[in-house]
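Reading through the structure tokens given below for one structure.
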């Protein structure tokens, strides 16, 4: 586990050393093993050919002309063969009945029965020395009762081993040089390939903190251009977020400064007013302004949270959400003599979303409906769901909105022509922001029956 974490955090140079070098070493080892196998096969082929020549030279000088077995050894041939073998050379000539035997009598026998006329090559140990032997059995002559003749020739394998070791050593030196060149070449190629990344890192480090202009990708490889494109998109989103937060601060400071200015004016008026009744009226106005300032502050905080807070999606009960909003707003509705009710789904309806943010959105929609609906009016909150998603709806029988204003409402501090005094124009903006954070939408439309407005917050299934 720790090794994998280290590999993920390692630089490309170290990753190359940890992964590529062992792989190249294994490949080089396999190649050397194959080279040694090929060298052994080639050496055996070459030396066995010389061994077979000595065997045939001896066999050619075997004769039965005297009625027995006679051999005229080709000493010049054996001396030359001993020189090429760079070691001891042994031979043995024997009859199949074992009565006649010439040369080295105790040479190791072939591991398998000999086939007349077919030479057999094998390895053995002779007096502690590794030797290579060739054995041959001449078939008995049809016109003579003489027994068959077996000829064996052996040579030391020292010259073969020296040849193989010398060949493998040269191959190892060659492969080591090739491995070093491959590593140096890979390092050089990697350095050239990573140069655009190093240049890009220097460019980003040299930027000012407020510089959010897109990174240039004209001279970058295709793979890095995709990364730069993603970084540019993220910087654009960050720039939009910073602009949005700056606008939010500007709007919030303007909204709160307006309330504070009004409060200060009312306090100054109360201080100068000698009439106690007028002072009481001013204090009542102060209380109303403080309530409006509190409401604006709460809405500003809710708007900021809806814009920046992470959407924590989880299953929740829509009916329970409706009941909690109704309990919160019921005193306000009674104070305005509004018939405030909810339509709970018959069956339990589970939705997936951020219940806290959605409750904030529904509360703002319902509070707006209560504020703009005349006394004796009705406000109904409902919920529904289908295979595509879920929705929360608030319906009232108030004055409604002209069609020309429905699309514009929902922007921050944008109020309708029939809005009540003291409103901040943030309630619909909060609901729209929360809907968009859930990849949904806020729709304002006229009631199907009679005057009034229906606000529907819809969001899709994950």
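The values are calculated or read from the model by the stated rules, or taken from the named source; none is laboratory data. Bear in mind that the values here come from a model prediction, so they are computed numbers and not experimental data. Cβ coordinates were reconstructed from backbone atoms using ideal geometry, including for glycine residues, and neighbour counts include every protein chain displayed.
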Among the residues in region 258-281, are any in a helix (DSSP H, G or I), outside the structural domain of residue 436 (by TED's automatic domain parsing) and at pLDDT below 70?
yes
List every residue pair whose Cβ atoms sit under 7 Å apart, with the two residues 6 or more apart in sequence or on different chains, where the first one lies in region 363-387 and is on the phi > 0 side of the Ramachandran plot and the second, anywhere, is at pLDDT 90 or above.
376/337
Mind checking whether some residue in region 339-351 is over 41 Å from the mean Cα position of the chain (by Cα), within 21 Å of residue 433 (Cα to Cα) and in the same structural domain as residue 429 (by TED's automatic domain parsing)?
no
When you go through (1) at pLDDT below 70; (2) more than 23 Å from residue 41 (Cα to Cα); (3) out of contact with any helix residue (DSSP H, G or I) (no Cβ under 6 Å at 6 or more places or on another chain) one by one for residue 93, which number turns out not to apply?
(1)
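To keep it simple, each residue is scored yes or no on (1) over 22 Å from residue 461 (Cα atoms); (2) modelled with pLDDT under 80; (3) not in a helix (DSSP H, G or I).
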position	(1), (2), (3)
297	yes, yes, no
300	yes, yes, no
303	yes, yes, no
311	no, yes, yes
322	no, no, no
326	yes, no, no
341	yes, no, yes
352	no, no, yes
360	no, no, no
Unmet criterion (only one of (1) assigned to a loop (DSSP other than H, G, I, E, B); (2) modelled with pLDDT of 75 or more; (3) surrounded by fewer than 16 Cβ atoms within 10 Å (Cβ to Cβ)) for residue 27:
(1)
Inside region 328-339, can you point out the residues that are under 12 Å from residue 370 (Cα atoms) and assigned to a helix (DSSP H, G or I)?
329, 330, 331, 332, 333, 334, 335
The condition of being on the phi < 0 side of the Ramachandran plot and at pLDDT 85 or above holds, among 441, 424, 433, only for 441
So is residue 49 within 23 Å of residue 162 (Cα to Cα), out of contact with any helix residue (DSSP H, G or I) (no Cβ under 9 Å at 6 or more places or on another chain) and modelled with pLDDT of 75 or more or not?
yes
